[in-house]
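Structure first, then comments.
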Amino acid sequence: MRPYGESKLVRIADTVADFVAAAEQAMQEDTATSGWLSRVDAFLEQISWDRTWAAMMKLLDSAIATRDLEDKANLNGAIAGKQAPNVITREFVFDYLIVGAGFSGSVIAERLARESGKKVLVVDKRNHIGGNAYDHYDENGVLVHKYGPHIFHTNSREVFEYLSRFTKWRAYEHRVLASVDGQLVPIPINLDTINKLYGMNLNSFEAEEFFKSLAEPKEYIQTSEDVVISKVGRVLYEKFFKNYTRKQWGLDPSELDKSVIARIPTRTNRDDRYFTDTYQAMPLHGFTKMFENMLNHPNIKVMLNTDYREIEKAIPCREMVYSGPVDEFFEYRYGKLPYRSLDFKHETHNTEVFQSAPVINYPNEHLYTRVTEFKYLTGQEHSKTSIVYEFPKAEGDPYYPVPRPENQEVYKKYKALADATPGIHFVGRLATYKYYNMDQCVAQALATYKQIAVTA
């Protein structure tokens, strides 16, 4: 029932009164304009117990056929050599069960299959591969990122060269504007930000002195508030960071670890790039196509719309690579780890360009945090354009681990359980409760594979 409830395709009631109320609400929404019935039909086209069972049986039949061929070849070889046959039995259908088809799971699956020759089964609860980086063409033919903008950047040559095996690249340097005091100004804060905001004409040296005059130095930097105020003072902190952070995290910056805002620099030059990494590019044909190429190997089988717990006994595997929430894996033994989630409101507009930058942040005046226009990111030429609004929230799919000391203490308990669980490798943002960028997920996955390969 989980995917039906999470997608709001059905309602679940505890009491008779709740059932009546839910039924009445459902009948009110059962209209052509609501789109409810079309969403149900689209979902049911992709998932059913018959289809799940058929996929399981296909995988089992394939594995059994492979085993029979191996056993027959071994027996024939033994007869030809007039030696007693070395009978091999295969206890496991697959060598590895990979839970999650995002960056972490897909990278390790590809490495195990291609480099170690292992048989790998990848499962994901969603109806697509690629995790949160999944992109697709919307009903108007515009390529969009379903779960908000994903911009690839890295300083790791190893990571970039590895992914280059599966995609060509489109050069792209990301830029963001912030709506502050009725103006759109560059973020991270730079020389042009200050000059436009205050109507000045400072040079780089004067900007440095200007920041110093605003800054409130702190002996100990512990929180995100400390980071910003110590660099640019309280006024700019309140204009750009305070309310944006409150919306994004549901917490005041004074309650968040310094690592959250330490990622955002302050510049005294006119560099308006959001990132300064050595490698900045977007997959030429999109992230999903890159993942398809990564998982396109005869040793890799993929099952979507599948909770691993539904098939792990029916399809035994020797070891597991798990990239889901670590607290969920251990059935919340020490309580739920806090995550922030997001709601996305996608729109298509009958114009070639909607806004003046790929992303515009809204620190103060709206419930949403930012608006992204995808054609800037993808380079697609189209007469229409698609955008997405992001609304942070506390409940929903887990996106961001909340970096607070007390949360790390709870995670340490789960990590101890993970370390003591044989045959299972925990990787990725959710399984290790870390705020990783895409390239960091790839780097961690490559490192984890190397550890696995020693005994694989």
request  = Give 319, 373, 347, 328 a once-over and let me know the one that is over 29 Å from residue 169 (Cβ atoms), of a type in the set (D, E, K, R) and under 22 Å from the mean Cα position of the chain (by Cα).
outcome  = 328
request  = Select from segment 152-191 the residues that are touching a Pro at 6+ places or on another chain (Cβ under 7 Å) and not hydrophobic (A, V, I, L, M, F, W, C) and write down the one among them that is surrounded by the fewest Cβ atoms within 10 Å (Cβ to Cβ).
outcome  = 175
key: Residue that is surrounded by the fewest Cβ atoms within 10 Å (Cβ to Cβ), among those in segment 245-277 that are touching a Phe, Trp or Tyr at 6+ places or on another chain (Cβ under 8 Å) and of a type in the set (Ser, Thr, Tyr)   = 259
request  = Could you list all residues from segment 356-369 that are in a loop (DSSP other than H, G, I, E, B), closer than 18 Å to residue 273 by Cβ and among the polar types (S, T, N, Q)?
outcome  = 356
task = Please find, within segment 365-380, the residue that is surrounded by the most Cβ atoms within 10 Å (Cβ to Cβ) out of those that are over 16 Å from residue 145 (Cα atoms) and touching an Asp or Glu at 6+ places or on another chain (Cβ under 9 Å).
result = 369
ask   = What tally of residues in segment 436-456 results from selecting those that are of a type in the set (A, V, I, L, M, F, W, C), touching a residue at least 60 places away in the same chain (Cβ under 8 Å) and surrounded by fewer than 20 Cβ atoms within 10 Å (Cβ to Cβ)?
value = 5
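Could you tell me whether any residue of segment 374-392 is part of a loop (DSSP other than H, G, I, E, B), among the charged types (D, E, K, R) and without any contact (Cβ under 8 Å) to a residue 24 or more places away in the chain?
The answer is yes; a qualifying residue exists.
Yes/no per residue for (1) of a type in the set (A, V, I, L, M); (2) on the phi < 0 side of the Ramachandran plot; (3) touching a Ser or Thr at 6+ places or on another chain (Cβ under 9 Å):
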{"site": "215", "(1), (2), (3)": "yes, yes, yes"}
{"site": "219", "(1), (2), (3)": "no, yes, no"}
{"site": "222", "(1), (2), (3)": "no, yes, no"}
{"site": "225", "(1), (2), (3)": "no, yes, yes"}
{"site": "229", "(1), (2), (3)": "yes, yes, no"}
{"site": "235", "(1), (2), (3)": "yes, yes, no"}
{"site": "240", "(1), (2), (3)": "no, yes, yes"}
{"site": "247", "(1), (2), (3)": "no, yes, yes"}
{"site": "256", "(1), (2), (3)": "yes, yes, yes"}
task = Identify the single condition in (1) in contact (Cβ under 8 Å) with a residue 40 or more places away in the chain; (2) assigned to a helix (DSSP H, G or I); (3) under 15 Å from residue 327 (Cα atoms) that residue 433 does not satisfy, given that it satisfies every other one.
result = (2)
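Across segment 393-412, what is the total count of residues that are assigned to a helix (DSSP H, G or I) and in contact with a strand residue (DSSP E or B) (Cβ under 9 Å, 6 or more places away or on another chain)?
Filtering segment 393-412 for residues assigned to a helix (DSSP H, G or I) gives 405-412.
Subsequent filtering for residues that are in contact with a strand residue (DSSP E or B) (Cβ under 9 Å, 6 or more places away or on another chain) retains 405, 407-408, 411.
Total satisfying the criteria: 4.
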inquiry  = Need pairs with beta-carbon distance below 9 Å; first residue in the same structural domain as residue 225 (by TED's automatic domain parsing) and in a loop (DSSP other than H, G, I, E, B) and within segment 238-252, second of a type in the set (A, V, I, L, M) and crowded, with 20+ Cβ neighbours inside 10 Å; sequence gap 6+ or separate chains.
reply    = 250/402; 251/402
task = Given the conditions (1) of a type in the set (Ser, Thr, Tyr); (2) closer than 30 Å to residue 247 by Cβ; (3) buried (at least 19 other Cβ atoms within 10 Å of the Cβ), report the number of the one that residue 308 does not fulfil.
result = (2)
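Take segment 412-435 and flag every residue that is surrounded by 19 or more Cβ atoms within 10 Å (Cβ to Cβ) and hydroxyl-bearing (Ser, Thr, Tyr).
414, 432, 433
Going by the conditions given, is residue 337 at pLDDT 95 or above, in a loop (DSSP other than H, G, I, E, B), crowded, with 19+ Cβ neighbours inside 10 Å and not charged (D, E, K, R)?
Yes: the conditions hold for residue 337.
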task = Would you mention how many residues in segment 114-130 are assigned to a loop (DSSP other than H, G, I, E, B), crowded, with 20+ Cβ neighbours inside 10 Å and of a type outside the set (D, E, K, R)?
result = 2
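The values are calculated or read from the model by the stated rules, or taken from the named source; none is laboratory data. A quick note: this is a predicted structure, and the numbers were derived from the prediction, not measured. Please note: Cβ atoms are built from the backbone with ideal geometry, for glycine as well, and neighbour counts cover all protein chains shown.
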